[in-house]
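Below is one structure, written out as structure tokens, with a few remarks after it.
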Amino acid sequence: MSNISINQASKLFKVSRNTIYARIKKGEITKNTDGNVSVQDMMRLFGNKSDKKVIEQAVTELLNSTNNTVQQIEHKIEQPKSNNEQLLQQQIEQLKAQVEQLENQLEYVKANEAWLKQQLDQKLIEHKPHEKKGLLGRLFG
């Protein structure tokens, strides 16, 4: 079957929690890592024949309500998740547009740099340094 919490088990089977803990310590009831006890063990130890159907119904209702609660929580989790996905998708699109714009600016800057280097090279070719002349060279030259 399945597992229920110790509090739920004590209410359903009308047994104190201390009794359940004592039986767990003796090894008559199995407890999982979540701290829940096996419904089968509880039925075997504390379920009367007359109360068996009532307890089974209560356990079934408890499990159904737990499943419904889990489904509601999962639905509530999924809803914001889809909203978050939409927001993230919009942000991705905006970032892609910014990257494209920056790439275009980079291409423009590179082209401008190449043009400026070309202009600088032309100026250096046109400008020939004059030879330095001494005083006599300037007077007689």
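The values are calculated or read from the model by the stated rules, or taken from the named source; none is laboratory data. As the structure is a computational prediction, the values presented were derived from the model and not from experiment. Calculation scope for accessible area: heavy atoms of the full protein, side chains included, ligands and nucleic acids excluded. Shrake-Rupley method; radii C 1.70, N 1.55, O 1.52, S 1.80 Å.
Run the numbers on the chain and let me know its relative contact order in percent, using alpha-carbon pairs under 8 Å that are six or more apart.
Numbers: 54 pairs, mean separation 23.7, N = 141.
Relative CO of the chain lands at 17 percent.
For the chain, report the accessible area per residue in Å² (1.4 Å probe, heavy atoms, rounded to an integer). Mind showing how you got there, number by number?
Numbers: 12190 Å² over 141 residues.
Dividing the accessible area of the chain by its residue count gives 86 Å².
Given a 1.4 angstrom probe, I'd like the percentage of the accessible area of the chain that is carbon and sulfur, rounded to a whole number. Mind dumping the intermediate values first?
Numbers: 6420 of 12190 Å².
After summing per-atom areas, the C and S share lands at 53 percent.
Determine the gain in length on full extension of the stretch ALA114-ARG17; use 0.36 nm per residue of separation and subtract their C-alpha separation, reporting nm with one decimal. Walk me through the intermediate numbers first.
Details: separation 97, 0.36 × 97 = 34.92 nm, distance 8.36 nm.
Result for the pair: 26.6 nm of gain on full extension.
In square nanometres and to one decimal, what's the mean projected area of the convex hull around the Cα atoms of region 1-119?
On the way: hull surface 52.3 nm².
Seen from a random direction, the Cα hull of region 1-119 projects 13.1 nm² on average.
Per the helix-only calculation at 222 nm, which mean residue ellipticity applies to the chain, given -39500 (n - 2.57) for every DSSP H run of n ≥ 4 and division by its residues, nearest 500 deg cm²/dmol? Please report the intermediate quantities before stating the final value.
On the way: 5 runs with 107 residues, N = 141.
My calculation for the chain gives -26500 deg cm²/dmol from helical runs alone.
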